[in-house]
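See structure below.
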Amino acid sequence: MTLRIPAALFVFAFAGIAALPRAEAHVYETGPVVVSHPWARASAPTARNGAAYLRIESAPGSKDRLIGARSPVAETVEVHETTVTDGIARMRRVPEIRIAPGHPIDLAPGGMHMMLIGLKSPLKEGDLFPLILTFEEAGDVQVDVIVESPGAMGPHGMAGTAMPEHQHGADPAHKH
Amino acid sequence: MFGKGIAAAASLLVLAAGAGVWWWNSKTAIPAPTSVTAASLTFGGPFSLVDHTGQKVTDRDYHGSFTFVFFGFTTCPDVCPTTLQNVASVLQLLGDDGAKVRPLFVTVDPERDTPATLAGYVTLFDPRIVGLTGTPEQIAQVARAYRIHYRKASDSGAGYLMEHTAVLFLMAPDGRYLAHIPPDMPPRRMAETIRQHMADSRSPSSTTERPQ
């Protein structure tokens, strides 16, 4: 007995998917917390640690705290902050991040990053891997992290990679 | 009588403070601005290391090219990849002149960064970048020569992380120090700085002092 699926159903499904704004495809919302554009850098074959970056903001009227993170690609995940003071680069663990409305937190190269400690296998450009962020109020938020090039400075199409003429930051067309 | 004692004590205090400041400066190893004469504060010098192909090298192996010397470690996922990417961009921006510059990435973590580890890391960014490691003593020697501060820091599940001077050094083809470049300088400006030094070295009217 063959199952005949009405063609109309396909059309509806396709239209539904096509209607999703492209920018929304990489934004995750769990109640009061919005996580956008999680991305990571590809790692060397022998690299022990990797870095993932993303933006976190809270909806109006709510605030929260990021208190943990984990991922199947690494043994541990911790937030670290890079500082360069008097020419000396240091990384310091950040135990929690407070999120308040109107103050998005950007984890970006040179600043804070999710350090993926003890990678189980190299992160390859083009891969996608799950990262679970734990918030005090919102609980666990799972996101899919896109792996960009090893020296990428932002997610694809946004802050740009090594383009020498475009070091200034996020593409204005994608500001939000 | 009392006055003489106080004056003596005061001068001793000033002397001690001066010595303390000098000692502190030598420990923190902040690279000097380029206006300081080479005779009073030099960077660079002989080194004996192992490159990422496992070959033993010395500083003389790189004479004849400008070298771009900088320090880092491969378990660093944030600053070092950014710096390596900037260096790769600089090489691209230099075009044909890129062949005259050898970027040397020296590890401050010789215990974990073997030649193979370095090879996987530096070649991700540009095949022309050379990774250098060695024994802890060899690394200590080259770090001293470039006045590089480096230290194990440990506050995470990552084992230890290295804090280290993040500045880049431009050295002339004869091994002389030319300039230091902050790690956050945009690649375009880094390339301009290198081009300027290349032009200066070619200029017949160059008045750059040469050490005897």
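Figure legend. Inter-residue proximity from region A:34-45: first residues more than 15 Å from residue A:135 (Cβ to Cβ) and in a strand (DSSP E or B), second residues open to solvent by 10 Å² or more (accessible area, probe 1.4 Å) and among the polar types (S, T, N, Q), beta-carbon distance below 8 Å, spacing 6+ or different chains. Indicated pairs: A:41/A:149. Could you say whether any residue in region B:176-187 is more than 11 Å from chain A (Cβ to nearest Cβ), in contact with a His (Cβ under 7 Å, 6 or more places away or on another chain) and either part of a strand (DSSP E or B) or of a type in the set (D, E, K, R) (or both)? Yes, some residue in region B:176-187 is more than 11 Å from chain A (Cβ to nearest Cβ), in contact with a His (Cβ under 7 Å, 6 or more places away or on another chain) and either part of a strand (DSSP E or B) or of a type in the set (D, E, K, R) (or both). Residue count for region B:95-111 under the criterion of being within 14 Å of residue B:75 (Cα to Cα) and either without any contact (Cβ under 8 Å) to a residue 24 or more places away in the chain or open to solvent by less than 40 Å² (accessible area, probe 1.4 Å) (or both): the result is 6.
Considering (1) in contact with a helix residue (DSSP H, G or I) (Cβ under 7 Å, 6 or more places away or on another chain); (2) at pLDDT 95 or above; (3) over 21 Å from residue A:46 (Cβ atoms), the lone condition that residue B:62 does not fulfil carries the number (1). Here B:67, B:74, B:53 are screened, and the one residue that is polar (S, T, N, Q) and free of Cβ contacts under 8 Å to residues at least 60 places away in the same chain is B:74. Could you tell me which residue of region A:23-47 is nearest to residue A:99 (Cα to Cα), considering only residues that are open to solvent by 40 Å² or more (accessible area, probe 1.4 Å) and in contact with a helix residue (DSSP H, G or I) (Cβ under 9 Å, 6 or more places away or on another chain)? Among those residues, the one meeting the criterion is A:23. The set of residues in region A:101-126 that are touching a residue at least 60 places away in the same chain (Cβ under 8 Å), surrounded by fewer than 19 Cβ atoms within 10 Å (Cβ to Cβ), out of contact with any Pro (no Cβ under 6 Å at 6 or more places or on another chain) and not in a strand (DSSP E or B) comprises A:124, A:125.
In region A:79-100 there is at least one residue that is over 29 Å from residue B:149 (Cα atoms), crowded, with 20+ Cβ neighbours inside 10 Å and modelled with pLDDT of 90 or more.
The values are calculated or read from the model by the stated rules, or taken from the named source; none is laboratory data. Treat the numbers as computed from the prediction; the structure is a model and nothing was measured. Backbone-built Cβ (ideal geometry, glycine too); neighbour counts: all protein chains shown. What goes into the accessible areas is simple: the full protein's heavy atoms, side chains included, and nothing from ligands, DNA or RNA. Shrake-Rupley method; radii C 1.70, N 1.55, O 1.52, S 1.80 Å.
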